[in-house]
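**Q** After the C-alpha cells below, expect a handful of questions from me.
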Amino acid sequence: MTKFITLRVPPAFSSGPQFDEDGALVPGSWPAGLPYEGIKGWHQHGSSAQGLRLCDFVAEDDWPIDDLPGGWRATASNMWDMQKQHEYDEDGNLISYAYDTEIPMNQGDYMKHYPDDTEFKVHHVYAGWHDLTEEVV
C-alpha cells in the first residue's frame, strides 16, 4: 500500500526534504523532529496560510502519521494499493472508493490555502490519480 498525505509545513520546507548525492539529508532542509524517511514524492500547492504551506506527499504505508511531533497535524491521509479504482453505478454515483481513508480531508484547513472562489479539490499530481473530495471520504 502507498500512503498519500496532506500536511502543512513552514514555507522554508515546502519543497520537501532535500538530500545530497550520498543520500544524506541536507542540514536545515527539513524541520527537526518531523519524519522524512519513507517519503517518495512531494508536491506543494496553494498559498501560505497562518505561516504554513499546504503540501501533498506520497510515503510508505507505515509513515508515522499518528506519532507526529507536537505542533504538526496532517490535513488528510489516504491509503491506496496502486491498483484499485473508484467504482460508479449506472447513474454515475460513487459506490466504492479506491482509497482507504486514514484521516478524512478537512475542507476548512484545506481552503485556508486557496482563494475563496477555488473549487475544493485535491489533485493527485504524483501519479495522475483521481481527485479526492470531501464527499467521498
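**Q** Taking Glu90 as the residue in question, decide whether it is of a type in the set (D, E, K, R) and modelled with pLDDT under 80.
**A** Values: of a type in the set (D, E, K, R): yes; modelled with pLDDT under 80: no.
So Glu90 does not fit the description; no.
**Q** Out of all the residues in the stretch 71-107, which are in a loop (DSSP other than H, G, I, E, B) and in contact with a helix residue (DSSP H, G or I) (Cβ under 7 Å, 6 or more places away or on another chain)? Before you say what the answer is, go through the steps one by one.
**A** To start, the set of residues in the stretch 71-107 that are in a loop (DSSP other than H, G, I, E, B) comprises 71-73, 81-86, 89-93, 97-99, 104-106.
Scanning the stretch 71-107 gives Tyr97, Met105.
**Q** If the Cβ limit is 6 Å and pairs must be 6+ apart or interchain, which residue in the stretch 44-70 that is assigned to a strand (DSSP E or B) pairs with which residue that is acidic (Asp, Glu) and crowded, with 20+ Cβ neighbours inside 10 Å?
**A** Listed pairs, sorted by first residue: none to list.
**Q** For the stretch 11-35, how many residues meet the condition of being on the phi < 0 side of the Ramachandran plot, touching a Ser or Thr at 6+ places or on another chain (Cβ under 9 Å), assigned to a loop (DSSP other than H, G, I, E, B) and not polar (S, T, N, Q)?
**A** Looking only at that region, the number is 1.
**Q** Still on this model: With the checklist (1) more than 17 Å from Thr2 (Cα to Cα); (2) touching an Asp or Glu at 6+ places or on another chain (Cβ under 6 Å) in hand, flag the one item His43 doesn't pass.
**A** Only one criterion in (1) more than 17 Å from Thr2 (Cα to Cα); (2) touching an Asp or Glu at 6+ places or on another chain (Cβ under 6 Å) is unmet by His43, namely (1).
**Q** Only one of these conditions is not met by Asp22: (1) farther than 16 Å from Asp109 by Cα; (2) touching a Phe, Trp or Tyr at 6+ places or on another chain (Cβ under 6 Å). Which number is it?
**A** Evaluating Asp22 over (1) farther than 16 Å from Asp109 by Cα; (2) touching a Phe, Trp or Tyr at 6+ places or on another chain (Cβ under 6 Å) leaves (2) as the failure.
The values are calculated or read from the model by the stated rules, or taken from the named source; none is laboratory data. None of the values given here were measured: they were computed from a predicted structure. Positions of Cβ are backbone-derived with ideal geometry, glycine not excepted, and every protein chain shown enters the neighbour counts.
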